[in-house]
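Notes to accompany the following structure.
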There are 2 protein chains.
Amino acid sequence: MKLDLLGSGPQRNSTGTRGETVPTVPSAEKTAADTVDVTSLLEQGRTLATPVLRAAVDRLAPPMDTVAAYHFGWIDAEGNPSDGDGGKAVRPALALLSAEAAGAPPEVGVPGAVAVELVHNFSLLHDDLMDGDEQRRHRDTVWKVHGPAQAILVGDALFALGNEILLELGTVEAGRATRRLITATRALIDGQAQDISYEHRDRVTVEECLEMEGKKTGALLACAVSIGAVLGGADDHTADTLEKYGYHLGLAFQAVDDLLGIWGDPEATGKQTWSDLRQRKKSLPVVAALAAGGPASERLGELLTADSKSSDFENFSEDEFAARAALIEEAGGREWTAKEARRQHAIAIEALDHVQMPDRIRAQLVALADFVVVRER
Amino acid sequence: MKLDLLGSGPQRNSTGTRGETVPTVPSAEKTAADTVDVTSLLEQGRTLATPVLRAAVDRLAPPMDTVAAYHFGWIDAEGNPSDGDGGKAVRPALALLSAEAAGAPPEVGVPGAVAVELVHNFSLLHDDLMDGDEQRRHRDTVWKVHGPAQAILVGDALFALGNEILLELGTVEAGRATRRLITATRALIDGQAQDISYEHRDRVTVEECLEMEGKKTGALLACAVSIGAVLGGADDHTADTLEKYGYHLGLAFQAVDDLLGIWGDPEATGKQTWSDLRQRKKSLPVVAALAAGGPASERLGELLTADSKSSDFENFSEDEFAARAALIEEAGGREWTAKEARRQHAIAIEALDHVQMPDRIRAQLVALADFVVVRER
């Protein structure tokens with residue numbers, strides 16, 4: 001699926017294409033952003049951060065180093081080298097741009113990029129175990145391969161390592177950066193607690209869903225965008241404003257993830273068809289469709305309630321999931337979520353107007369925001 | 001069981017009672033230590049730290065606050081107030097004395113005491129789940145009552161909170177204190193990784209056992225004894241020397257725990273008779289007995305190897321465990337461990353000679369060390 005939330009082709013630079021409820025972004029910036037090579041930008045983040053990340057993971061005592069290397073996709077389950085899918089690497093790229101936004105060279109952001117990646121992966125290890133998820137990025141999850149104890153232990157180790165990487169810099173800025181990282185980590189944990197509690201509920205409001213997604217996805221992206229700047233000596237106002245960009249970028253990112261979780265192409269996402277529906281996930285399109293009212297919304301509500309009691313759910317056919325997806329779309333859940341992605345994207349970009357930074361960096365941050373909402377995986 | 005490792009009565013202050021291999025402590029200090037009321041000292045630590053600890057735990061979002069309150073024994077499984085056994089509170093007392101050792105008032109050590117308690121309890125929550133332990137301090141463990149996901153999640157939250165409590169002080173000293181806490185946490189995690197790996201091995205050397213116990217018990221006690229001083233502005237030499245005292249105190253503490261784990265009075269310890277033998281724990285007395293050589297040692301090795309393959313182990317009688325305990329004692333494992341506790345106790349106290357501190361504080365640290373090795377639970 002090509003989401004194409006921003007429009008494409010010649011309309012791309014027009015401020016008029018997003019519909020009246022979406023704040024528009026000055027076209028001059030959009031033009032500059034169009035010249036940014038996002039692939040190179042992500043690649044640069046990977047190139048600078050990955051060696052430091054690998055060196056950090058190498059500090060872990062056996063067998064934790066091996067388990068972590070498996071999780072990051074550097075080795076396979078048998079211990080042979082592998083170049084697995086390391087993810088999109090949006091966070092490292094943001095952390096380096098964050099340093100540059102504060103006038104520092106990108107290298108200053110590297111410990112921040114690595115710390116954020118370590119904490120992100122700590123949460124993946126623990127969440128996969130808590131949620132019983134057996135697959136991530138086309139591979140068995142750590143608890144499936146190495147057992148629950150290793151998933152807990154290595155998650156703990158990555159969390160500690162993330163803080164260690166920053167604190168051993170020994171500077172006042174590193175202390176401030178670590179504090180922001182811990183705040184984001186606490187939000188991650190709170191978000192996971194909410195997510196777990198929602199599983200046991202029939203209904204979740206759109207506001208509750210957005211709050212949970214803000215904690216699970218927004219908070220750490222926000223930290224990625226402030227951490228380099230803080231390490232580069234930025235003041236709290238600058239860091240807070242950059243975090244605003246990152247937080248709303250995270251919400252836009254998650255809204256797109258929620259669309260891909262239902263209508264994404266399995267080839268691109270690496271997930272099953274109708275993945276989030278199979279997992280009964282109360283994601284934004286579902287929650288928005290249930291809140292919309294009207295015949296399709298009501299029919300959807302009845303079906304999902306029946307599904308939650310059905311002993312046959314595991315054996316549902318493609319058609320049965322397709323029928324639910326069609327109802328979500330008919331009730332407006334798909335369009336609402338796409339619009340929400342555009343709305344959060346616009347708030348993110350607007351925040352950048354309140355920070356002094358080089359035009360080149362601003363254009364790159366805008367381009368990354370665009371990338372996040374038009375991606376296919 | 002009264003361990004009485006230091007001797008008692010009039011002999012107590014004599015430097016000659018510990019046997020020739022044990023370094024002795026100047027008797028003037030021992031006399032001062034004898035006048036210290038350890039019960040009041042532990043009580044003061046509890047009184048100053050507990051309200052701050054409870055306020056910190058109250059910051060957790062529901063249901064994590066409730067799960068944590070259950071773990072700390074403040075409420076029962078139904079949510080009713082309870083004044084459960086909060087443990088011996090040695091760490092908080094040490095953190096406050098640590099501040100005073102650096103010439104600061106005890107209150108300066110409070111955030112350190114709370115941070116250390118939070119990290120200690122994070123490790124208990126995760127270790128109990130990883131080890132499948134169903135009881136702690138006479139109560140069902142968190143994963144038994146609230147499920148594995150909550151044990152993981154609340155453990156994570158306590159870990160994050162420990163760092164947060166320190167970093168929000170916003171001082172250079174707090175950054176240094178947090179770094180020490182993270183170093184100790186990494187050691188805790190490494191120790192647990194070793195402990196898990198030893199379960200799958202037939203033999204563990206005495207050195208491996210001491211290394212593991214140093215990480216699981218020594219590192220965080222060391223941090224408790226330096227953290228208050230660091231918050232009070234102590235230099236790294238002072239902090240490192242205090243950590244040496246704490247590390248060896250931790251090893252003495254653990255050696256005593258290992259004795260109590262086999263020969264402790266169930267009424268006092270809250271554990272089953274022969275608790276560590278029932279859990280097939282490779283604790284110091286066992287490892288030392290197996291390393292000693294001679295008929296009893298060999299017979300013990302044969303029995304334990306057979307036990308590890310026995311399908312009937314769960315149904316072993318008191319007499320069968322008593323027979324194994326007798327062999328450990330006959331092979332010298334009990335005496336070796338008692339001597340090791342005295343040796344570590346002496347190294348700990350000797351370290352105090354290399355730090356400038358008020359005599360009153362030194363006497364209190366010596367008294368706490370004495371308490372640790374003569375306790376019955």
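Quick notes on this one:
- Note on region A:63-80: residues that are at pLDDT below 95 and not in a loop (DSSP other than H, G, I, E, B) total 0.
- If you go through region B:250-299 and keep only what is among the hydroxyl-bearing types (Ser, Thr, Tyr) and either at pLDDT 90 or above or in a helix (DSSP H, G or I) (or both), you end up with B:THR269, B:SER275, B:SER283, B:SER297.
- The selection criterion, being surrounded by fewer than 22 Cβ atoms within 10 Å (Cβ to Cβ) and more than 10 Å from chain A (Cβ to nearest Cβ), does not hold for B:ALA115.
- Close pairs (6 angstrom Cβ cut-off, 6 or more residues apart or separate chains): more than 15 Å from A:LEU188 (Cα to Cα) in region A:104-133, crowded, with 20+ Cβ neighbours inside 10 Å and among the aromatic types (Phe, Trp, Tyr) anywhere: A:LEU129/A:TRP143
- Selection over region B:250-266 of residues that are under 16 Å from the mean Cα position of the chain (by Cα) and either of a type in the set (Asp, Glu) or closer than 13 Å to B:GLN344 by Cβ (or both) gives a count of 10.
- Condition broken by B:SER317, with the remaining ones in (1) in contact with a helix residue (DSSP H, G or I) (Cβ under 7 Å, 6 or more places away or on another chain); (2) more than 22 Å from B:LEU284 (Cα to Cα) satisfied: (1)
- Consider region B:181-195 and keep the residues that are surrounded by fewer than 23 Cβ atoms within 10 Å (Cβ to Cβ) and more than 9 Å from every other protein chain (Cβ to nearest Cβ). The one that is farthest from B:GLY132 (Cα to Cα) is B:ALA187.
- Answer from A:GLU320, A:GLU350, A:GLU335, A:GLU302 - the residue that is touching a residue at least 40 places away in the same chain (Cβ under 8 Å) and surrounded by fewer than 20 Cβ atoms within 10 Å (Cβ to Cβ): A:GLU350
- Consider region B:146-158 and keep the residues that are surrounded by fewer than 24 Cβ atoms within 10 Å (Cβ to Cβ) and more than 7 Å from chain A (Cβ to nearest Cβ). The one that is farthest from A:GLY147 (Cα to Cα) is B:HIS146.
- Checked against (1) farther than 30 Å from B:PRO105 by Cβ; (2) assigned to a helix (DSSP H, G or I), B:ALA351 meets all criteria but (1).
- In this structure, A:LEU161 does not satisfy being at the interface with chain B (Cβ under 8 Å from one of its Cβ atoms) and either within 17 Å of B:ASP131 (Cα to Cα) or over 22 Å from the mean Cα position of the chain (by Cα) (or both).
- Those residues of region A:36-62 which are surrounded by 18 or more Cβ atoms within 10 Å (Cβ to Cβ), within 14 Å of chain B (Cβ to nearest Cβ) and part of a loop (DSSP other than H, G, I, E, B), in sequence order: A:LEU60
- Of all residues in region A:130-145 being within 24 Å of B:ALA157 (Cβ to Cβ) and in a helix (DSSP H, G or I), the one that is farthest from the other protein chains (Cβ to nearest Cβ): A:VAL142
- Residue under evaluation A:ALA174, criteria (1) under 20 Å from A:ALA255 (Cα atoms); (2) hydrophobic (A, V, I, L, M, F, W, C); (3) within 10 Å of chain B (Cβ to nearest Cβ), criterion not met: (1)
- Per this entry, A:THR269 is counted among residues that are among the hydroxyl-bearing types (Ser, Thr, Tyr) and within 17 Å of the chain's Cα centre (by Cα).
- Residue, farthest from the other protein chains (Cβ to nearest Cβ), within region A:63-75, restricted to residues that are out of contact with any helix residue (DSSP H, G or I) (no Cβ under 6 Å at 6 or more places or on another chain) and in contact (Cβ under 8 Å) with a residue 24 or more places away in the chain: A:GLY73
- The single condition among (1) surrounded by fewer than 20 Cβ atoms within 10 Å (Cβ to Cβ); (2) under 30 Å from A:ALA95 (Cβ atoms); (3) not β-branched (Val, Ile, Thr) that A:GLN344 does not meet is (1).
- Filter result (among the aromatic types (Phe, Trp, Tyr) and within 27 Å of A:LEU365 (Cβ to Cβ)) within region A:50-102: A:PHE72
- Top-ranked residue in region B:233-249 [being of a type in the set (Gly, Ala, Ser) and outside any helix (DSSP H, G or I); ranked as surrounded by the most Cβ atoms within 10 Å (Cβ to Cβ)]: B:ALA234
- For region A:300-320, a residue qualifies if it is out of contact with any Ser or Thr (no Cβ under 7 Å at 6 or more places or on another chain), under 21 Å from A:ASP258 (Cβ atoms), in a helix (DSSP H, G or I) and of a type outside the set (Val, Ile, Thr), and the qualifying residues are A:LEU300, A:GLY301, A:LEU303, A:LEU304, A:ASP307, A:SER308, A:PHE313, A:GLU320.
- A count restricted to region B:196-232 and to residues that are more than 20 Å from B:LEU249 (Cβ to Cβ) and either acidic (Asp, Glu) or within 9 Å of chain A (Cβ to nearest Cβ) (or both) stands at 5.
- Selection within region B:226-280 - charged (D, E, K, R) and touching a Phe, Trp or Tyr at 6+ places or on another chain (Cβ under 9 Å): B:ARG278, B:ARG280
The values are calculated or read from the model by the stated rules, or taken from the named source; none is laboratory data. Predicted model, so just to flag it, every value in this text is computed and none were measured. No Cβ is skipped: glycine too gets one built from the backbone with ideal geometry, and neighbour counts run over all protein chains shown.
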